[in-house]
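Q: The structure is given below, and queries will be raised subsequently.
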Amino acid sequence: MTGPKTIVIGGGLIGLSIARALTERGASDVLVLERHSLASGGTGKSSGIVRAHYGVPSIAAMAWRSQPYFEQLGDAVGFRQVGYTVIVGEENVEPLTANTAMHQGLGIDVDLIDTTRLAELWPMMNVDDVALASYEPRGGFADATQLALHFGQVARDNGAKVRQHTAITRILTNGDNVTGVELEGGEVLEADQVIVAAGWWSAKLLADLGIDFPVEAYRSELMIVDAGEPLPNLPVVSDLVSLQYCRLEGPGQFLVGNSDHADFAKKFVDPDNYSNIAAEASIEKYAEKLMHRFPGFPDPSVTHTYAGVYDVPPDWNPVIAPVGGVDGLILCAGFAGHGFKISPAVGDLVADLLLEGHSTDPDIPASDFRLERFAEGKPLNSLHPYVGAGEMR
Ligand SMILES: Cc1cc2nc3c(=O)[nH]c(=O)nc-3n(C[C@H](O)[C@H](O)[C@H](O)COP(=O)(O)OP(=O)(O)OC[C@H]3O[C@@H](n4cnc5c(N)ncnc54)[C@H](O)[C@@H]3O)c2cc1C
């Protein structure tokens, strides 16, 4: 007997992880459709940071459930287990302490550390304005494209089909049931289930069905810095004092991302047409913040910059749920800057929803990720938000 026909729209990390999870659990008829090449959307720009530090317990739990994937896949996905630190000033000691306690309650391997220990882990760091840090020894970073392609390979090995350069123009329904999709050029593909994992572009496909998915396309700039000499294995840093994040990028190079989202609305862009280099004024600002934090870099210089686009819902958290009262239609998008590290668990949750009808993990209640939460005014917010860095969550 064959199971339901499932179409996944979008060949990024999320769509491919869903195809992997479904086929690993026996789904036999899964087709992923990607309008360009696999991993060519937000996935291809990801900084690939692996950590479980979130203020929303279900997201922290998803990150922690995903951790073994990185550890088992290791080199195959470029995983570097260099550790991960969050550093805060006095104003954020309380939320950091509360979040860390919440994480420990979820079984996450994390501890608070003082600045003496931080300076040992990070010899080139200026810790003068740091009051406290948390440290996840099992965190680090990996390569998002490699992980997406790995998911795609596993899905194909398990019988899924992947069709690239195939754009969907419309999701088709009949009454309250999804029936398939229409492709550019008019071809119709039938399906019993359609999973929309098309990042920001999901909103347009749903709008045509009268379903409102509130999501903004938010441009985020990255800078690659040459430190001047080979660097040792330094932990990833989420710097909530200077509002930046940094990680190694090969020997002697450093990737720096901006986490100052104060002028959020000024950075909305067309995700199909945006500037792919950082503005001069931004580079100066990032360089100043970087030199303040890491005065020990021997001879730093900026090698190049680029930019990516986050798909950001009002509470910076994803929708992973049936939508619009249409049987067989699932939305899985809105991962903002966080979808990489939780992508393994997201695939598993969608497989749960489709195969069991509910989440099988008590720490990951499916109700957290309903679309209706926006209209109901019940956003999924951090339990212990950071002053000046709310989106860190
Ligand atoms: C600059 C940057 C840094 C980031 N850093 C991190 C990080 O350090 N850690 C972390 O956890 N996360 C990070 N993220 C977030 C993470 O990379 C994303 O959440 C994740 O890659 C999103 O995957 P996705 O599959 O939902 O979306 P995408 O990768 O955007 O995939 C959606 C796909 O759908 C396709 N598509 C769209 N419309 C159609 C259509 N009509 N028909 C067919 N296909 C369609 C697109 O072409 C695209 O390939 C970062 C993101 C960015 C942009």
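Q: Could you identify the single residue in V50, V32 that is buried (at least 22 other Cβ atoms within 10 Å of the Cβ), within 13 Å of the ligand (Cβ to nearest atom) and farther than 30 Å from T166 by Cβ?
A: V50
Q: Here's something else I'd like to know. Looking at this structure, is S202 outside any helix (DSSP H, G or I), open to solvent by less than 20 Å² (accessible area, probe 1.4 Å) and at pLDDT 95 or above?
A: No: the conditions fail for S202.
Q: Within segment 155-181, how many residues turn out to be surrounded by 12 or more Cβ atoms within 10 Å (Cβ to Cβ) and over 28 Å from the mean Cα position of the chain (by Cα)?
A: 4
Q: For segment 274-312, what are the residues that are in contact with a strand residue (DSSP E or B) (Cβ under 8 Å, 6 or more places away or on another chain) and hydrophobic (A, V, I, L, M, F, W, C)?
A: I277, A278, A279, I283, A287, L290, F294, F297, V302, A307, V309, V312, listed by residue number.
Q: If you don't mind, there's one more thing I want to ask. Say we look at segment 53-69 and pick out the residues that are under 22 Å from G199 (Cβ atoms) and within 13 Å of the ligand (Cβ to nearest atom); which of these is most open to solvent (accessible area, probe 1.4 Å)?
A: Y69
Q: I need every pair where a residue in segment 219-245 that is aromatic (F, W, Y) has its Cβ under 9 Å from the Cβ of a residue that is in a loop (DSSP other than H, G, I, E, B) and open to solvent by 10 Å² or more (accessible area, probe 1.4 Å), sequence separation at least 6 or different chains.
A: Y245/S47; Y245/S259
Q: If you don't mind, there's one more thing I want to ask. What do you reckon, is T43 modelled with pLDDT of 95 or more, outside any loop (DSSP other than H, G, I, E, B), buried (at least 24 other Cβ atoms within 10 Å of the Cβ) and within 8 Å of the ligand (Cβ to nearest atom)?
A: Yes.
Q: Separate question: Among the candidates A119, A144, which residue alone is within 11 Å of the ligand (Cβ to nearest atom) and closer than 30 Å to E288 by Cα?
A: Exactly one of A119, A144 is within 11 Å of the ligand (Cβ to nearest atom) and closer than 30 Å to E288 by Cα, namely A144.
Q: Something else about it: In segment 213-227, which residues are in a loop (DSSP other than H, G, I, E, B) and either of a type in the set (A, V, I, L, M) or buried (at least 21 other Cβ atoms within 10 Å of the Cβ) (or both)?
A: F213, V215, A227
Q: Still on this structure: Among the candidates I18, I14, I7, single out the residue that is in a helix (DSSP H, G or I) and more than 7 Å from the ligand (Cβ to nearest atom).
A: After applying the criteria, what remains is I18.
Q: On to the next question. Report, by residue number, each residue of segment 224-249 that is within 16 Å of the ligand (Cβ to nearest atom) and at pLDDT below 90.
A: Scanning segment 224-249 gives no hits.
Q: Condition (residue is open to solvent by 10 Å² or more (accessible area, probe 1.4 Å) and over 23 Å from the mean Cα position of the chain (by Cα)) applied to segment 259-273: is it met by at least one residue?
A: no
Q: So which strands (runs of 3 or more DSSP E) stay within segment 295-393 end to end and still have 3 or more residues that are open to solvent by 30 Å² or more (accessible area, probe 1.4 Å) and touching a helix residue (DSSP H, G or I) at 6+ places or on another chain (Cβ under 9 Å)?
A: 301-312
Q: Considering every residue within segment 247-256, establish whether at least one is in the same structural domain as V88 (by TED's automatic domain parsing), in a strand (DSSP E or B), more than 22 Å from G339 (Cα to Cα) and touching a residue at least 40 places away in the same chain (Cβ under 8 Å).
A: yes
The values are calculated or read from the model by the stated rules, or taken from the named source; none is laboratory data. What you see is a predicted model; the values in this text were computed from it and never measured. Neighbour counts are summed over all protein chains in view; Cβ atoms, including those assigned to glycine, are modelled from backbone coordinates with ideal geometry. These area figures cover heavy atoms from the full protein model, side chains too; ligands, DNA and RNA do not enter into them. Shrake-Rupley method; radii C 1.70, N 1.55, O 1.52, S 1.80 Å.
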